[in-house]
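Colleague: Pasting a structure below so you can have a look.
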Amino acid sequence: MPSGSMKTLPTWGGKNKFRYRGSVPAGTEIEYGDDFRFKARVGSDSYSTLLKAFAGQEVPIGTIRKTPTTAPPANSVGAWLSKNVSPTALASYVGPILIDEKYARVGSAPDRIQFKPYPN
């Protein structure tokens, strides 16, 4: 389990807050929802694979869903997370963590994320 104190960030859309402990290299434990009652974990291996998959690209973040059963857009961070990490919609949290830790930035539109090149 990641150690350290919890850090609070706004979700991708900025309407809510979540908190996490850990880091991209160590993995994160994310708490979200009312009173932070829901928990999710993204491991260091998942972050590493995600960063390699999207290195240097600008892609949709994939957080917006019309209904709970609507899948995130193809080739988005949300779609990748759903397939490789958890069916829970985690892009609203993972995106801000990646930006906070300087692995990415907001892309050319508010619903896009620009990844830095993967370090060799």
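Colleague: Can you confirm whether Ala74 is among the hydrophobic types (A, V, I, L, M, F, W, C) and modelled with pLDDT under 95?
Modeller: Spelling it out, Ala74 is indeed among the hydrophobic types (A, V, I, L, M, F, W, C) and modelled with pLDDT under 95.
Colleague: When both residues are 6+ apart or on different chains and their Cβ atoms are under 6 Å apart, which pairs have a first residue that lies in the stretch 104-119 and is touching a residue at least 40 places away in the same chain (Cβ under 8 Å) and in a loop (DSSP other than H, G, I, E, B), and a second that is of a type in the set (Val, Ile, Thr) and surrounded by 13 or more Cβ atoms within 10 Å (Cβ to Cβ)?
Modeller: Listed by first residue and then by second, the contacts come to Gly107/Ile113; Asp111/Ile61.
Colleague: Can you pull out the residues in the stretch 5-55 that are part of a strand (DSSP E or B), among the aromatic types (Phe, Trp, Tyr) and farther than 25 Å from Pro117 by Cα?
Modeller: Those that are part of a strand (DSSP E or B), among the aromatic types (Phe, Trp, Tyr) and farther than 25 Å from Pro117 by Cα: Phe18, Tyr32, Phe38.
Colleague: Given the residues Gly62, Gly4, which is the only one that is modelled with pLDDT under 95, at positive phi, under 13 Å from the mean Cα position of the chain (by Cα) and not β-branched (Val, Ile, Thr)?
Modeller: Unique residue meeting the criteria: Gly62.
The values are calculated or read from the model by the stated rules, or taken from the named source; none is laboratory data. Not measured: the values here are computed from a predicted model. Here Cβ is always computed from backbone atoms with ideal geometry, including for glycine, and neighbour counts include all displayed protein chains.
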